[in-house]
Ligand code: AFD
Ligand code: MN
Ligand code: MN
């Protein structure tokens, strides 16, 4: 497969792009450093912590997304996992924040997974959680002869359940070759009509299947259960909320944990509180970051509700304060319908980092005091003070020091990467819908 030779991955090109921006960045960074010093915060400590932060890119995020109405593909869409890795490498090169990829099977399966690992490593990438797909049929794939139309892990037919369980175990086997250590399971199982499905039995079948997966994956692997309120099922979904997810995780075993996708909740649900509860239970797996206005919109992280993203990170920073080993998995999960996916992924990686940096600025001692003294105004202002601090110079400095782009979208556009891959990769048809 021909690979594009691109300035987007070239250190000298990025140095050239950064050169005219460096003086202003130094100036703004110094000014912010002085302002933070007055608040008793060492900017270098924040920059180092932010620099070490990483969020995985979903392999399915680099192609154009779609809705169930249509998909409008852009030029240069990846032809397979090797192209996807190259796109992911550009996101990482520009941001310095996305060194791992979260692959999806069977979409990303090849006959030689070791070659996939090698290709990734030559691009400076590793792998995060692997994802299984039993939410659609895979015509022509001999490992999936039975249909998932009426579900997978909770299907009424034991043969379909066994097929779905086997696929998940196989995903871990493929993931082992890649160096992954966790399997994320999201299923579309549910019902469109009252009465269609026996709630209790479906849940029990799910738990039994998930236990079989848990028993079949390596002993040092984690099993991430991803809940989602609705869609594709529109009346009831088997793992629809964090309560179902937690009950299942507790029934399955110690290494079964609950993954929070920010778009998978009812409107107005207090997600940061769910995060706190899962931390309390020792069951927080990690995140699929994205943003939403109405449902599982899969918009770019921080695009709609940046304060909510900050409040989630506020809980995470608080948890890390109590437990130095606290290390949830961070992944993006977005669908890019109208933007260049690489631009959206870069922007989202930066927004997630921004929320983290802001959360690091919260004066935790002061907040503890205001909470204990029942001072809601000052407690709220303590959070707002951190949230309204412009941490842009910290994020840009962290990138600059890594040789990444001070302005990722501008540098990416200047590289001409999209036009270059459009010349190499054949156009894809747009007609049908795509997953969201
Ligand atoms: C779908 C689901 C979910 C999942 C993703 C990959 O909504 O977010 O993480 O597929 O399996 O988008
Ligand atoms: Mn997700
Ligand atoms: Mn989703």
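All of the numbers you see were taken from the coordinates with simple rules; none came from a lab. Keep in mind it's a predicted model, so treat the numbers as computed, not measured. No Cβ is skipped: glycine too gets one built from the backbone with ideal geometry, and neighbour counts run over all protein chains shown.
Of note:
- Volume of the convex hull of the stretch 188-233 (Cα atoms only), normalised per residue: 74 Å³.
- What the Cα convex hull of the stretch 1-70 gives, in volume per residue, is 208 Å³.
- Cα-only Debye scattering, the stretch 282-436: base-10 log of I(q)/I(0) at q = 0.12 Å⁻¹: -0.66
- Debye log10 I(q)/I(0) for the chain, one point scatterer per Cα, at q = 0.08, 0.11, 0.13 Å⁻¹: -0.46, -0.87, -1.20
- Inverting the pair-averaged 1/r between distinct Cα atoms of the stretch 93-146 gives 12.9 Å as its Kirkwood hydrodynamic radius.
- Gyration tensor analysis over the Cα atoms of the stretch 147-236 returns equivalent ellipsoid semi-axes of 25, 13, 11 Å (largest first, whole Å).
- Comparing 93, 399, 321 in a Gaussian network model of the chain, where Cα atoms under 10 Å apart are tied by springs, the biggest mean-square fluctuation is seen for 321.
- Computed over the stretch 148-216: relative contact order in percent, which uses C-alpha pairs under 8 Å that are six or more apart: 47
- Here 113, 377 are placed in order of increasing Cβ neighbour count within 10 Å, fewest first, which gives 377, 113.
- Beta bridges per DSSP with both ends in the chain, % antiparallel, nearest 5: 10
- Summary value for the chain: 24 percent relative contact order, contacts being C-alpha pairs under 8 angstrom separated by 6+ residues.
- Size-normalised alpha-carbon gyration radius of the stretch 169-325, reference 2.2 N^0.38 Å: 1.06
- Ranked for footprinting exposure by Cβ neighbours inside 10 Å, fewest first, 149, 181 give 149, 181.
- Only Cα pairs under 8 Å and 6+ residues apart enter the sum, and on that basis the relative contact order of the stretch 102-243 stands at 25 percent.
- The helix-only estimate of mean residue ellipticity at 222 nm for the chain, built from DSSP H runs of length n ≥ 4 each weighted as -39500 (n - 2.57), is -14500 deg cm²/dmol after division by the residue total.
- If you sort the three axes of the alpha carbon gyration tensor as a ≥ b ≥ c, you get a/c of 1.5 or more for the stretch 373-436 and a/b no higher than b/c, which makes it oblate.
- Order of 338, 269 under a 10 Å beta carbon neighbour criterion, fewest first: 338, 269
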